[in-house]
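The structure appears below as structure tokens.
The values are calculated or read from the model by the stated rules, or taken from the named source; none is laboratory data. Note that the structure is a prediction, hence the values are computed from the model and not measured. Cβ placement follows ideal geometry from the backbone for every residue including glycine, while neighbour counts extend to all protein chains displayed.
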Amino acid sequence: MQVCPRFNAGIFPHALRSAMPLLSISSLQRSFVSPDGERRTIVDVPAFSLEAGRQLALRGESGSGKTTFLHLVAGILAPDTGSILVDGRDMAVLSEPARDRLRAETIGYIFQTFNLLQGYSCLENVLLGMAFGRGTDRSRATALLERVGLGHRLHHRPRQLSTGQQQRVAVARALANHPKLVLADEPTGNLDHKNARESLALIRDTCRENGAALLLVSHDPEVLAAFEEVQDFATLNRALQGVAS
Amino acid sequence: MTLLLIIRRSLRQHLLSTFVTALSIALAGGLLMSVWVVKEQSQATFTQVNAGFDAVLGARGSKLQLVLNAIFHLEASPGNVAAADYEFIKRHPAVKLAIPIAVGDNLRGYRIVGTIPELFTDVEYTPGRKYTLVAGRPFDPAAKEAVLGRFVADRLGLEVGDIFHPYHGLVFNERDQHAETYRVTGILAPSNTPADKVIWIPLHGLQTMSGHDPRAATDVSAVLIQLRSPAAGFMLDLMYNKQGNRLTFAYPIGAIMADLFQKISWFDQVLALVAYLVGLVSAAGVLVAIYNSMSARRRDIAILRSLGAHRRTLCGAIVLEAAAIGLLGMLVAFAAYAVIVSVVAAIVRAQTGVLLDPWIFNSVMLWAPAGMVVLCALGGLIPAWKAYRTDVADHLAPLS
């Protein structure tokens, strides 16, 4: 894959951005020091891209580095080397506050364990999903919760909801900031079959309705079967292939 | 807005520690403000109270004892002043007015003081204000009659027309009842001076009370003096205190009281130090309360960071939360202050008759809350630093 030239602060001009994929990764590496003191490369992705509006599932086993990969894409972790262009801006070279800002404005994240804030109501959880980006919009937060079937649970705390309902709040929160990219990390891992099916459909439908691309990682064959496009993370991540980084 | 929501929710999530910490700050703040205000008010009030007199003449002894006995009705009399000495000072050209008083009796612990009616007719206890009666009439100097200060009348439940037996001495003892009876003829309007807690009877009545030494029947305990000029005070001071050796001339009254406060200023300093230390410990309490909850907070911090919150935003939220606990505490501190100073003012009023006004604005009401909030915010810096260093990835869901 051709690597785009870098511009100052990792920001590309608008004209160039519109021609680029929404997410474009090249030569991405991230390693950690293991407890025995040895540095191990967990993620080594030479190239990866995702176009706007596309929905892609990555198949990967536990411990394969999927979550680390998503954290890198979201700017939660900084890579050792490589570039991560998200909507024309390179996460790899941005300062941490700029990465936070880019994440707040561009990315929605659905976690396996939902990561809802227990001290806040459903509505406040969704409002916080947009608070650090373009600002809060109460009517949008309410509409999103109504869309996921929780219009009657706006002021409930997460612990007052069922697991499936908590997942739906997490979906609404991930879409709150008008994201161009939604990252989903084993989003149905904590749900039963029925809820998992419904939740997956909801994630895909709402991403489609909001024009957001979806990058989902899972090891669950049932989840992966629901996607038209599935890629094996092992083929993407050279660290899993035993290739020296 | 978002910051406020985060702070509010965090305070609510840690409600018990917020409450306990704010309460300790409230007590510290209330104590600090009370100590400060009572100290300043007492000093300002007691150095200004002179019952309308410039000096006191009494038996040889301590000037302070003389003032406390004759003006504040607190101390025992150091001795008697002979009638001739009273007559001499009364007629001295430097003296504008001389009012004799005699002490030595009480009614259920409240002092009975013998004096002359001119105390109520000629003396302005504070500029422009003379003693007035809210009920009845002044006593007849030749009769067994009494005029009561308002405070003592309320405390003893005495009204005009009531009759009482005086008791010998300044300390109440049921066995020391005098045979005479006195009738209440008047009750003074509150003056917020020591006169409010005194039972005033004619001078002659006290001097000749049954059981008193008949040889001292014309003596007085002290003479309250108004001078014609300040220079006269220094002249009489020289005459009685330096050249004479029988009597003491306490002048000026305010300076003698200021000297007393100077002598006991170490006590104020100890109280203030205790209040400062309590404040410091409370601020440390904020630090400990937030710091101890950091492991529970780190997950929330990580989630908020994953939603795009900056490190410094969450850092600021912790500092502001600490400041908010301080602010909450200091709001309650005003209630604690109200309770403490009300109790102290009531005690001071009961003991001295002097009314402290704790509701007058004092700068401590600004700098103490501001200082405590800043101190608490500083206490929040260490947990804020911990929040700053929170690793987002580590505190989100476990890596798959």
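Side notes on the structure shown:
- Pairs with Cβ under 8 Å, 6+ apart, first in the stretch A:64-85 and away from chain B (no Cβ under 13 Å), second charged (D, E, K, R) and assigned to a strand (DSSP E or B): A:80/A:30; A:83/A:90; A:84/A:90
- Search result, residues across the stretch B:377-392 that are buried (at least 19 other Cβ atoms within 10 Å of the Cβ) and either more than 18 Å from residue B:314 (Cβ to Cβ) or within 14 Å of chain A (Cβ to nearest Cβ) (or both): B:390, B:392
- Residue A:114 within 14 Å of chain B (Cβ to nearest Cβ) and on the phi > 0 side of the Ramachandran plot: yes
- Qualifying residue in the stretch B:88-100 (condition: modelled with pLDDT of 95 or more, within 26 Å of residue B:165 (Cα to Cα), crowded, with 17+ Cβ neighbours inside 10 Å and not assigned by TED's automatic domain parsing to the domain that holds residue B:349): yes
- Scan of the stretch A:176-205 for residues that are among the hydrophobic types (A, V, I, L, M, F, W, C) and farther than 18 Å from residue A:120 by Cα, ordered by number: A:181, A:182, A:183, A:184, A:191, A:196, A:200, A:201, A:202, A:203
- Matching residues in the stretch B:58-97 - criterion: being closer than 21 Å to residue B:207 by Cα and in contact with a helix residue (DSSP H, G or I) (Cβ under 7 Å, 6 or more places away or on another chain): B:58, B:67, B:71, B:72, B:73, B:74, B:75, B:76, B:77, B:78, B:80
- Selection within the stretch B:150-203 - at negative phi, polar (S, T, N, Q) and out of contact with any Lys or Arg (no Cβ under 7 Å at 6 or more places or on another chain): B:173, B:177, B:191, B:193
- Members of the stretch A:214-228 found to be within 14 Å of chain B (Cβ to nearest Cβ) and surrounded by 19 or more Cβ atoms within 10 Å (Cβ to Cβ), listed by number: A:216, A:217, A:218, A:223
- Qualifying residue in the stretch A:97-107 (condition: over 16 Å from the mean Cα position of the chain (by Cα), more than 19 Å from residue A:28 (Cβ to Cβ) and within 14 Å of chain B (Cβ to nearest Cβ)): yes
- Set A:183, A:123, A:128: member being closer than 21 Å to residue B:314 by Cα, modelled with pLDDT of 90 or more and either under 17 Å from the mean Cα position of the chain (by Cα) or basic (Lys, Arg) (or both): A:128
- Positions within the stretch B:1-20 being among the hydroxyl-bearing types (Ser, Thr, Tyr) and away from chain A (no Cβ under 11 Å), in sequence order: B:17, B:18
- The residues of the stretch B:341-361 that are on the phi < 0 side of the Ramachandran plot and surrounded by 16 or more Cβ atoms within 10 Å (Cβ to Cβ), listed by number, are B:341, B:344, B:345, B:348, B:349, B:352, B:354, B:355, B:356, B:358.
- Inter-residue pairs, beta-carbon under 6 Å, first in a helix (DSSP H, G or I) and in the stretch A:97-119, second of a type in the set (A, V, I, L, M, F, W, C), 6+ apart: A:99/A:91; A:103/A:74; A:104/A:132; A:106/A:86
- Residue within the stretch B:279-291 that is under 23 Å from residue B:358 (Cα atoms) and either within 14 Å of chain A (Cβ to nearest Cβ) or within 23 Å of the chain's Cα centre (by Cα) (or both) present: yes
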